[in-house]
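Data first, discussion second: the structure below is written as structure tokens.
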Amino acid sequence: MMVVMSELKKKNREFVIPGDEIIRSMDYIPGKNCFREGESIYAKRLGLVEITGRVVSVIPLSGVYIPRVGDMVIGRIEELQVNGWLVDINSPCIAYLPFSGVREYIDPVKVDPLKIYNVGDMIYAKVASMVGKVSVTLSMLDPRARKFKTGRILKISPVKIPRLIGKRGSMINLLKEKARCKISVGQNGLVWAEGEKIDVIVKVIKLIEKESHVEGLTDMIAELLEKEGS
Amino acid sequence: MKRIDGRKPDELRPLVIKAGVINQADGSAMVKLGNTTAVAAVYGPRLLHPKHLQEPDRAYLRTVYSMVPFSTYERVKPGPSRRSIEICKVTRHALEPAIFLEEFPKTVIDVFIDIIEADAGTRTAGINAASVALADAGIPMKGLVSAVAVGKINDTYILDLNGKEEEETFCDMPVAYINRTKEVSLLQMDGKIDKKDIKELLKLALKGCEIIYEEQKKALKNRWIGD
């Protein structure tokens, strides 16, 4: 019997660029942002290696937002069409919010749909379905979905959103608690915030984006918020 | 034998690569090879308009190469010219095989290459910068593309011609190479030369590409995680 050798070329959490060989083995499966060619698994995008069990993947450090079903996103109403609205969700995809996706019953003959969502309105919506890779349907039939009337919207890199949320929401809950504010995070890189200390929140979110690679960032932010609070 | 600027025949000009030079862009890079400087910026993938250019199964790669008016001794007229349209096309063909275009159907990836200073080898410097910028923008790729020009003066094969050498050379051959897959994605030549010479020149060019590839990797690493 032949002994299967697996040769690890890159360590866990090591920086890779597109085309870098991560592992030479048939025992592992290429996960996100990786591909197999021959016996090896290569990185597809620039990022950090993550090996969990038998799955090899790369955590990206840059790039655009690619929607996934179930994501909550922040979007801007762009245009009214016959059966719904076109929404800009900060991604290469076109998002469509059909009339059937909102809570109100809309009869376009009797009600002006623009009274519900006007062009320029910012909404917090769920990605309901996707056809192919580029056409996205949104839905407001989620308890979290709503229209933003006040507050401020920030734009950060979509790949930094998991860091802003933290492990099981540790970072975002810290922000909400310490700064006594409301925050809604869109997976597409847009963040809505409202509260008395809005300037502090803006500063902290920008800091998280910049220092996302630092370990123990949550503690650092907690300290900073403590200082700002006094 | 020494060259006009004191280099060995198989030596590159001093090479500097920097990633992330333009904050506004999704990805960017600057390549300085001797007196040739190229800056590339990548935007996207983003929605493509006009719609008739959209491809249903893959992204459209739009490369724009231009020389800034002050890049050469004589002023370059801004806007597309016969030469720059050709270079846009060959740059696109050099980069396309390295990108997973099928991941973003109906979109466009914009690559803008500007030559700030020209002293021969601008298209290869542009390709080097563009490939680093594409990786910096987080675009899925099969590998980085490196490019260099080679030539022959008298009986010597020389790597990375400068402006003076380009006037004297018997032939000028830009080569783009994907190091990981060992694919040549661009091979142009002007001049008159033997079959045997071409093989030697190609070998020399690939050697140069490998050196550039190492520098490109270093530049990306510096940009994202420091030294």
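The values are calculated or read from the model by the stated rules, or taken from the named source; none is laboratory data. Predicted model, so just to flag it, every value in this text is computed and none were measured. Ideal geometry is used to build each Cβ from the backbone, glycine not excepted, and the neighbour counts take in all protein chains shown.
Residues are listed down the side, and each one gets a yes or a no for (1) under 18 Å from B:Tyr177 (Cα atoms); (2) loosely packed, with under 12 Cβ neighbours inside 10 Å; (3) among the polar types (S, T, N, Q):
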site: B:Leu12; (1), (2), (3): yes, no, no
site: B:Asn23; (1), (2), (3): no, yes, yes
site: B:Pro50; (1), (2), (3): no, yes, no
site: B:Leu53; (1), (2), (3): no, yes, no
site: B:Arg62; (1), (2), (3): no, no, no
site: B:Arg92; (1), (2), (3): yes, no, no
**Output for the stretch A:195-217, where each listed residue is of a type outside the set (A, V, I, L, M, F, W, C), surrounded by fewer than 16 Cβ atoms within 10 Å (Cβ to Cβ) and away from every other protein chain (no Cβ under 14 Å)** = A:Glu196, A:Asp199, A:Lys203, A:Gly216
**Asked** Which number in (1) in contact with a Ser or Thr (Cβ under 8 Å, 6 or more places away or on another chain); (2) of a type in the set (A, V, I, L, M); (3) within 20 Å of B:Leu12 (Cβ to Cβ) marks the one condition that B:Ala137 misses?
**Response** (3)
**Asked** Could you list, in sequence order, the residues of the stretch B:42-80 that are of a type in the set (Gly, Ala, Ser) and either free of Cβ contacts under 8 Å to residues at least 40 places away in the same chain or in a strand (DSSP E or B) (or both)?
**Response** B:Gly44, B:Ser66, B:Gly79
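This table checks each residue for (1) outside any strand (DSSP E or B); (2) at pLDDT below 90; (3) under 21 Å from A:Ala95 (Cβ atoms); (4) of a type in the set (Gly, Ala, Ser).
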site: A:Met130; (1), (2), (3), (4): no, no, yes, no
site: A:Lys133; (1), (2), (3), (4): yes, yes, yes, no
site: A:Thr137; (1), (2), (3), (4): no, no, yes, no
site: A:Asp142; (1), (2), (3), (4): yes, no, yes, no
site: A:Ile153; (1), (2), (3), (4): no, no, yes, no
site: A:Ile161; (1), (2), (3), (4): yes, no, yes, no
site: A:Glu177; (1), (2), (3), (4): yes, yes, no, no
site: A:Trp192; (1), (2), (3), (4): no, no, yes, no
**Residues satisfying the stated conditions in the stretch B:129-173, i.e. more than 14 Å from every other protein chain (Cβ to nearest Cβ) and touching a residue at least 60 places away in the same chain (Cβ under 8 Å)** = B:Ala129, B:Ala147, B:Val148, B:Thr156, B:Tyr157, B:Ile158, B:Leu159, B:Asp160, B:Asn162, B:Gly163, B:Lys164, B:Glu165
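Only one residue in B:Ala59, B:Ala94 is of a type in the set (A, V, I, L, M, F, W, C) and either at positive phi or away from chain A (no Cβ under 14 Å) (or both). Which one?
Details: B:Ala59 fails: either at positive phi or away from chain A (no Cβ under 14 Å) (or both).
Result of the check over B:Ala59, B:Ala94: B:Ala94.
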**Message:** Name the residue that is nearest to the other protein chains (Cβ to nearest Cβ), counting only residues in the stretch A:45-63 that are of a type in the set (A, V, I, L, M, F, W, C) and farther than 22 Å from A:Val214 by Cα.
**Reply:** A:Val56
**Complete:** Checked against (1) among the acidic types (Asp, Glu); (2) more than 9 Å from chain A (Cβ to nearest Cβ); (3) crowded, with 24+ Cβ neighbours inside 10 Å, B:Asp110 satisfies every condition except (3)
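Quick test for you: out of A:Tyr96, A:Tyr28, pick the one residue that is aromatic (Phe, Trp, Tyr), touching a residue at least 24 places away in the same chain (Cβ under 8 Å) and under 26 Å from A:Ile156 (Cβ atoms).
Numbers: A:Tyr28 fails: under 26 Å from A:Ile156 (Cβ atoms).
Of the residues listed, the single one that is aromatic (Phe, Trp, Tyr), touching a residue at least 24 places away in the same chain (Cβ under 8 Å) and under 26 Å from A:Ile156 (Cβ atoms) is A:Tyr96.
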**Request:** Determine whether the stretch A:64-71 contains at least one residue that is away from chain B (no Cβ under 13 Å) and surrounded by 17 or more Cβ atoms within 10 Å (Cβ to Cβ).
**Result:** yes
**Message:** Going residue by residue through the stretch B:13-34, is there one that turns out to be in contact (Cβ under 8 Å) with a residue 40 or more places away in the chain, within 11 Å of chain A (Cβ to nearest Cβ), more than 29 Å from B:Leu202 (Cα to Cα) and over 18 Å from the mean Cα position of the chain (by Cα)?
**Reply:** yes
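Here are some residues: B:Gly208, B:Gly191. Which one is farther than 28 Å from B:Pro105 by Cβ, of a type in the set (Gly, Ala, Ser), surrounded by fewer than 17 Cβ atoms within 10 Å (Cβ to Cβ) and out of contact with any Lys or Arg (no Cβ under 6 Å at 6 or more places or on another chain)?
Working: B:Gly208 fails: surrounded by fewer than 17 Cβ atoms within 10 Å (Cβ to Cβ).
Step by step, each of B:Gly208, B:Gly191 is checked, and only B:Gly191 is farther than 28 Å from B:Pro105 by Cβ, of a type in the set (Gly, Ala, Ser), surrounded by fewer than 17 Cβ atoms within 10 Å (Cβ to Cβ) and out of contact with any Lys or Arg (no Cβ under 6 Å at 6 or more places or on another chain).
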